[in-house]
1. Output the number of residues of segment 214-237 satisfying the condition of being open to solvent by 10 Å² or more (accessible area, probe 1.4 Å) and either under 20 Å from S276 (Cα atoms) or more than 13 Å from the ligand (Cβ to nearest atom) (or both).
2. So the check is Cβ under 9 Å with 6+ separation or different chains; which pairs have a first residue in segment 343-360 that's in contact (Cβ under 8 Å) with a residue 40 or more places away in the chain and a second one that's assigned to a loop (DSSP other than H, G, I, E, B) and surrounded by 13 or more Cβ atoms within 10 Å (Cβ to Cβ)?
3. What is the one condition in (1) of a type in the set (A, V, I, L, M); (2) open to solvent by 10 Å² or more (accessible area, probe 1.4 Å); (3) within 12 Å of the ligand (Cβ to nearest atom) that V197 does not satisfy?
4. Would you check if K309 is under 25 Å from the mean Cα position of the chain (by Cα), of a type outside the set (V, I, T) and surrounded by fewer than 23 Cβ atoms within 10 Å (Cβ to Cβ)?
5. For segment 43-68, name all the residues that are touching a strand residue (DSSP E or B) at 6+ places or on another chain (Cβ under 6 Å) and surrounded by 20 or more Cβ atoms within 10 Å (Cβ to Cβ).
6. Select from segment 1-33 the residues that are part of a loop (DSSP other than H, G, I, E, B) and either closer than 20 Å to I85 by Cβ or aromatic (F, W, Y) (or both) and list them in ascending order.
7. Within segment 200-213, track down each residue that is part of a loop (DSSP other than H, G, I, E, B) and away from the ligand (no atom under 14 Å from the Cβ).
8. Just to be sure, is G142 in a loop (DSSP other than H, G, I, E, B), within 21 Å of C215 (Cα to Cα) and not hydroxyl-bearing (S, T, Y)?
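The values are calculated or read from the model by the stated rules, or taken from the named source; none is laboratory data. Values in this document were obtained by computation on a predicted structure and should not be read as measured data. Neighbour counts run over all protein chains shown; Cβ positions are idealised from the backbone, glycine included. Keep in mind that these areas ignore ligands, DNA and RNA; they rest on the heavy atoms of the full protein, side chains included. Shrake-Rupley method; radii C 1.70, N 1.55, O 1.52, S 1.80 Å.
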Amino acid sequence: MLILVCNVGSTSLKYKLFNMPDPSIMVEAKIERVGSHDSAIFTYQNHLNGAKENMSGLCMPSYTEGINLFLEYLTDTKMGAIQNIEAVQAIGFKTVIAKGYYGIHELTDEVIAAMKEYISVAPAHNPPYIEAIKKFKEILPGRLLVGVFETAFHTTIPLERRMYAIPYKWYEKYGIQRLGFHGASHGYISRQVKKRVGGKFKLISCHLGGSGSLCAIEDGKSVDTSFGFSLQTGTPHANRAGDLDAYIIPYLLGQGLSMEEILQGIDKNGGLLGISGISNDLRDIEEAAQDGNERAKLAIDVFCESIVKYIGAFYAVLGGLDYLVFTGGIGENSAIIRHKVCTRLAHLGVELDEAANTNGAKDRSISSSHSRVKVSIIPTNEEVGIAQDIFDNFSK
Ligand code: ADP
């Protein structure tokens, strides 16, 4: 089944074409600086015939031009991989959240309306997706467009772990509950572990990147996660605060801050950036910490403590632990964070192989031979996760 996966950013479009169930990428492309009239960038690679393109200084005022350009290349006799766009059976999107639609859904007008309803919950993600999906509908009418919502993998979390202790009516009327995100990534990691060890396992997947979340997984199913109703929860993120006492907000309002200033603080100027005052990029913070910067050290410690707490909680929820997996930009690359977290988990049976933690293949085991819990780095591949979900749900 030919599936095109499209990842939409506020100023970017990324594409990967798969012929599922084969997970190899046939074609990939990226368009950056969508919205610009003279500086958009297009990179394209056809892995089947080696054709490549790299163009900059392009005029790309909207997603429409970015979609058209990619489709032109995809069907070009020299550059392309298919003769006609009709060959693509589904276009998949890593959509984030829609009220009442938490799984894998065809992107009908009702689903798009439900995404609109939750724009205030995912203000950075829903508007660009809605716009790009509408453009795809205009350009390719009648094509199967599928939203693999970031909440989808978490629909197996039992109600007692999804419910907040709020008036029940808020859950019924507004859908307020722990939904969880990063489903494409945690789902991919879960499938990878299943392939390696078989069906029965207790796993904690730590996706640590610009956004971070942990997921407790039992036998391939999500049973708890650190993200809540919005992406503003859980561990500290690059710019976002993560878990926060709700009453900080009315207190700060009372101190004269506007709602806009408060939201800016917890959404853009919080997280690793907020504590360190240096950067939202962990590489800069690690460098400053090595030079003795106290706030950089504090940012790293707060981040690791939060991860340790969630791992402890999920250990209790799972009733034990077989596998601990690190993934995402930080999880895959920061030996410091993995070391700091794992040394705090010795009492749970976690023991790192320090040499393997520091060096080795991208996909590797980093626990010692005595470690009761197997610890690994598995590079995430959200696009393959999305293509697999679409194949599993729509190929029959
Ligand atoms: P996103 O969540 O935006 O997709 P990624 O998963 O790519 O981001 O993670 C990006 C983050 O990974 C960067 O902000 C950086 O902090 C971190 N990172 C990448 N490489 C390293 C490294 N070698 N050491 C420490 N942190 C790293």
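1. Residues of segment 214-237 open to solvent by 10 Å² or more (accessible area, probe 1.4 Å): 218-221, 223-224, 229-233, 236.
Going one step further and asking which of them are either under 20 Å from S276 (Cα atoms) or more than 13 Å from the ligand (Cβ to nearest atom) (or both), we end up with 218-221, 223-224, 229-230, 232-233, 236.
Within segment 214-237, residues that are open to solvent by 10 Å² or more (accessible area, probe 1.4 Å) and either under 20 Å from S276 (Cα atoms) or more than 13 Å from the ligand (Cβ to nearest atom) (or both) number 11.
2. What qualifies is R344/V350.
3. The failed condition is (3).
4. The answer is yes for K309.
5. Y44, N46, M60, G66
6. M1, M20 - these are the residues of segment 1-33 that are part of a loop (DSSP other than H, G, I, E, B) and either closer than 20 Å to I85 by Cβ or aromatic (F, W, Y) (or both).
7. Restricting attention to segment 200-213, the residues satisfying the condition of being part of a loop (DSSP other than H, G, I, E, B) are 200-201, 209-211.
Those that are part of a loop (DSSP other than H, G, I, E, B) and away from the ligand (no atom under 14 Å from the Cβ): K200, F201.
8. Working: in a loop (DSSP other than H, G, I, E, B): yes; within 21 Å of C215 (Cα to Cα): no; not hydroxyl-bearing (S, T, Y): yes.
No; evaluated as a whole, the condition is false for this residue.
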